[in-house]
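Here the structure comes first, spelled out in structure tokens, and everything after it is commentary.
The values are calculated or read from the model by the stated rules, or taken from the named source; none is laboratory data. Note that the structure is predicted; figures quoted are calculated from it, not measured. All Cβ positions, even for glycine, are placed from backbone atoms using ideal geometry, and neighbour counts span all protein chains on display. We work out accessible area using only protein heavy atoms, side chains counted, and drop any ligands, DNA or RNA first. Shrake-Rupley method; radii C 1.70, N 1.55, O 1.52, S 1.80 Å.
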Amino acid sequence: MKPIASKDKRPVNLDIGSMKLPVTAWASIAHRVSGVALFGMSILMVWALDASLASEQSFNELAAVLSSPVAKAILWLVAVALTYHSLAGVKHIVMDFGYGETLEGGVFGARLVIVLAVVAAVVWGLLIW
């Protein structure tokens, strides 16, 4: 018996690196990545909260650790991820109410979120350093 040939000529194994994704796809991917990053960073944040509340000495030690450049960079990453994830979440809520569901609206919303996140990243950098 001869196998049936498929009429579908699309590639089976897609190389994401060679594909040109639209801005809406990048915004969606970044939203998911920021959510995963925040979940992972929440362990550090809970540890820092616990250390700050344990005693006056541990609070002072934590304050000394958080004044280092590496800790400031981590705090900046947390702030940027939280800001981007929040902005993208608000965009999704707005779309749930029926606004910006068109292709043009989706592109505008994605670009707006990215621009606001970049501005917020600069502001967070100025505030932290």
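For the range 48-65, how many residues are farther than 30 Å from His92 by Cβ and within 22 Å of the chain's Cα centre (by Cα)? Count: 0.
For the range 70-90, the count of residues that are open to solvent by 80 Å² or more (accessible area, probe 1.4 Å), among the hydroxyl-bearing types (Ser, Thr, Tyr) and closer than 22 Å to Leu21 by Cα is zero. Out of Leu21, Leu62, Leu14, Leu38, one residue alone is open to solvent by less than 40 Å² (accessible area, probe 1.4 Å) and at pLDDT below 95. It is Leu21.
Sort through Leu126, Leu44 and tell me the only one that's at pLDDT below 95, out of contact with any His (no Cβ under 6 Å at 6 or more places or on another chain), open to solvent by 50 Å² or more (accessible area, probe 1.4 Å) and assigned to a helix (DSSP H, G or I). Show your work before the answer.
On the way: Leu126 fails: at pLDDT below 95.
Sole residue among the options that is at pLDDT below 95, out of contact with any His (no Cβ under 6 Å at 6 or more places or on another chain), open to solvent by 50 Å² or more (accessible area, probe 1.4 Å) and assigned to a helix (DSSP H, G or I): Leu44.
Of the residues in the range 69-102, how many are assigned to a helix (DSSP H, G or I) and over 16 Å from Ile114 (Cβ atoms)? Walk me through how you get there before you give the answer.
Restricting attention to the range 69-102, the residues satisfying the condition of being assigned to a helix (DSSP H, G or I) are 69-96.
Filter once more, keeping what is over 16 Å from Ile114 (Cβ atoms): 69-79, 93, 96.
So the answer is 13.
Scanning the range 91-111 for residues being open to solvent by 80 Å² or more (accessible area, probe 1.4 Å) and under 14 Å from Ala30 (Cα atoms) gives a total of 1.
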